[in-house]
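Reviewing the structure listed below.
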Amino acid sequence: MLQDLFSLLFGCIPIYMLQNPVGFRVAIFVAVILAGGAWWLCSVYTRMWNKQFQIKLLHHVGCAFVALLTMLFCILFASVQSTRDAAIVSTELWKVQLQTDQVWASQTFLAAYEKVKDLGIEDFSRISPSGGVIPTTKPESEQTAASVYVGEACRHFEKSRPFLSKVVWTDPGVPSTVVYNDISAWHRTNPNYSCERAINLAAEQIEEHLDAQTPRLVYVFRLGLIAALVVVQGIAFALVGWVASRDIRPHY
């Protein structure tokens, strides 16, 4: 979940840089100013109660860490504007991965084979799973086989993109009516409903949901970044302050 979250977040940076180079440069400029301010504030605020405290190399390392995090958070804050495009890129990469996953293809074929066979409306007397063919001479068989492929594609997406899946769907899947309509449209120009088409249908549904969910996701990302920055800086400032307070010596 965290890996998928960070992959989506950091994937926004290069996309935003390409889509809005001026905005990205402005974000870098603001990030540098805020980072420099954070470094300066972290290094001098301890003198408010310990005027004799001397900043050492270790303290400057801590201040530099705060500054770098501040810069990163600022860049991410601007870049999450491209969340939808980063999510689409992630979905397209998932499509390529799934289409070349022979293990998934084999397991899904067997599941579809058994589902259609269990209907009892097709002739399986001369067809075995090793043949790589599922008889679908009737509409119900076609829809059953397609539903298995689409459903397994959705489950694969849920496992490989857990964060994005939670954002897009509360209940990952494609409605049966959508599958049926897609089969009908597909058969107007194509003889057989393919595995690739089922994967593409799942991806299309994901991308359609992204359009509705992206504004909320951008808001949540930015709110989370602000909260994370406050927490991280609070911890860093508290540690430097604690070190400074321990260095106080009484004067006689």
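Please treat every number below as a calculation from the coordinates, not as lab data. Because the structure is predicted, anything quoted here is derived from the model rather than measured. All Cβ positions, glycine included, derive from the backbone under ideal geometry; neighbour counts span all protein chains shown.
Note that the stretch 101-109 has calculated 3J(HN,Hα) couplings of 8, 5, 5, 4, 4, 5, 5, 5, 4 Hz, one per residue in order, obtained from phi through the Karplus relation 6.51 cos²θ - 1.76 cosθ + 1.60 (θ = phi - 60°); glycine and proline are x. Once both labels are positioned 7 Å from their Cα atoms along Cα-to-Cβ, the gap between PHE65 and GLN99 label points is 4.5 nm. Note that the stretch 99-162 shows a convex hull volume over its alpha carbon atoms of 82 Å³ per residue. Only one of (i) 161; (ii) 355; (iii) 181 was calculated from the structure for volume of the Cα convex hull per residue in Å³, and its label is (i).
Hydrodynamic radius of the stretch 85-214 by the Kirkwood approach over all distinct alpha-carbon pairs: 15.3 Å. Taking θ as phi - 60° and the Karplus parameters 6.51, -1.76 and 1.60, the scalar couplings of the stretch 12-20 work out to 5, 4, x, 5, 5, 4, 6, 6, 9 Hz in sequence order, x denoting glycine and proline. Taking other C-beta atoms within 10 angstrom as a stand-in for reagent exposure, HIS187, HIS156 fall in the order HIS187, HIS156, fewest first. Each residue, VAL230 and LEU18, gets one label point 7 Å from its Cα in the Cβ direction; the gap between the two is 3.5 nm.
Using a Gaussian network model of the chain in which every pair of alpha carbons under 10 angstrom is joined by a spring, one finds that among ILE75, ILE28, ILE127 the greatest mean-square fluctuation is at ILE127. Cysteines in the chain lacking any other cysteine Cβ under 4.7 Å from their own Cβ: CYS12, CYS74, CYS154, CYS195. Helical content of the chain, expressed as a calculated mean residue ellipticity at 222 nm, amounts to -26500 deg cm²/dmol (DSSP H runs of 4 or more residues, -39,500 (n - 2.57) each, divided by residue number, nearest 500). The loop-placed trypsin sites (Lys or Arg not before Pro) in the stretch 66-158, going by DSSP, that have at most 12 neighbouring Cβ atoms within 10 Å of their Cβ come out as ARG126.
Rounded to the nearest whole Hz, the Karplus-based 3J(HN,Hα) values (6.51 cos²θ - 1.76 cosθ + 1.60, θ = phi - 60°) of the stretch 201-207 follow the sequence 5, 4, 5, 4, 5, 4, 5, with x at glycine and proline. Using only Cα positions of the stretch 152-233, each an equal point scatterer, no hydration layer, compute I(q)/I(0) via Debye at q = 0.17, 0.22, 0.25 Å⁻¹ and quote the log10 values to two decimals. Reported log10 I(q)/I(0), two decimals: -0.76, -1.04, -1.18.
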